[in-house]
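One structure below.
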Amino acid sequence: MKKYSSNEEFFDAIRVLINHLEQCGHAEAARDIRSGFACMNGLTDGWALFLESIDNVLAVYGHSLPSEHSSELKTIRKIVKKAVYRRSA
């Protein structure tokens, strides 16, 4: 899994993906990801809502997204899922 040096670097990667999706004609997918990303509030609930939006985008638009964008979104999903389901030691 790709590693990010900070949350801000991770969030920047999400913003870049959203912009790329818009530029290549996938405005609906970009809108849905942006909407979920806006739910990020630092709490698990926000991460879970973002995960839900990613899952919906992959289900609805995944087959039509360019492979590099789909791959990036799946990588982001893994990181978000880990944040939602992490367990305290």
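So here's what we get for this one:
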quantity	calculated
Positive-end extreme of charge dipole, the chain - chosen from F10, S71, V84 (charges on Cβ)	V84
Cα point-scatterer Debye curve for the chain, base-10 log of I(q)/I(0) at q = 0.22 Å⁻¹	-1.10
S64 versus K78: modelled label distance in nm, points set 7 Å from Cα along the beta carbon direction	2.7 nm
Mean ellipticity per residue at 222 nm, deg cm²/dmol - from DSSP H runs of n ≥ 4 across the chain, formula -39500 (n - 2.57)	-24500 deg cm²/dmol
Segment S6-A27, extension gain: residue separation times 0.36 nm, minus the distance between their alpha carbons	4.8 nm
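Laboratory data are not the source of any read-out in this text; all were calculated from the coordinates shown. Predicted model, so just to flag it, every value in this text is computed and none were measured. Virtual Cβ from ideal backbone geometry, glycine too; neighbours counted across all protein chains shown.
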